[in-house]
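Since the structure comes first, as structure tokens, the remarks are kept for the end.
The values are calculated or read from the model by the stated rules, or taken from the named source; none is laboratory data. Note that this is a predicted model, so its numbers are computed, not measured. Positions of Cβ are generated from backbone atoms using ideal geometry, with glycine treated the same way; all protein chains shown enter the neighbour counts.
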Amino acid sequence: MYDFAYHRPGSLEEAERLLSGASEGALVAGGMTLIPALKQRLASPSDVIDLGGIAGLSGVSQAAGAIVVGALTPHAAVASDAVVTAKITALAALAAEIGDPQVRNRGTLGGSIASNDPAADYPAAVLGLGATVRTNRREIAADDFFTGMFETALEDGEIVTAVSFPVPEKAGYAKFPNPASRYAVVGVLVSQGPAGIRVAVTGAGPCVFRSAELEQALAGGFTAAAVDAVTVAAEGLNSDIHAGAEYRAHLIGVMTKRAVAACG
């Protein structure tokens, strides 16, 4: 690791002030992204600002027609929460499949979506459920939040505080996991609800994305069989040692059918 100054602020205001005053500041929540990057000397922040000392950034609550999850809520807490399990079963199931027990007990919702790893699970939930990301400054619609590989709409000094998930009529998630990391080679979340029919794909491209073709197919009949009419193009999809673009294109269709079946 490189040397850095460590801070543990007690409020969002202090965290924003520390971040703005640092030459190369970095936020840490669960540390699942930053710590490995530091250990491999892929990141060299001047200051690390630990959000763990700020009250009110974790936990699950209900709002009108929505479930609100605090940014520092660990994956394991989302997976086991009775309200999430009852209202958005797909979200609880998705959280339960992230990484291993150690990762699920340390990793957080806010850290996952702020990092926007192209193979992470939570971006599919945020985009697939038409969620709203809340920060210390504003609210950002899911369709506007994820902008590219490891990139989001977050501005300098902006900190994710919570995510509001509209409760869908039905939703399901299915993924083909990398057997070592448990990241998604391809993961698909489908939903039908207040935001219409949405199909969000993670792991297949440089950034999580919606599939207009699959959404249109499911609009004509929300069944797994409806997916058979769609041929997913491989152009622009990831190709690496784990899977080629053509295989990922095939998996998108397979995982969409499984996600629809998971809706019950």
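Do we have S191 as of a type in the set (S, T, Y) and free of Cβ contacts under 8 Å to residues at least 24 places away in the same chain here?
no
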Checklist entry - For A229, are the conditions met, namely being at pLDDT below 95, in the same structural domain as A120 (by TED's automatic domain parsing), surrounded by 16 or more Cβ atoms within 10 Å (Cβ to Cβ) and farther than 14 Å from V185 by Cβ? => result no
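Would you call A92 more than 22 Å from P194 (Cα to Cα) and assigned by TED's automatic domain parsing to the domain that holds G111?
Numbers: more than 22 Å from P194 (Cα to Cα): no; assigned by TED's automatic domain parsing to the domain that holds G111: yes.
For A92, the condition - more than 22 Å from P194 (Cα to Cα) and assigned by TED's automatic domain parsing to the domain that holds G111 - is not met.
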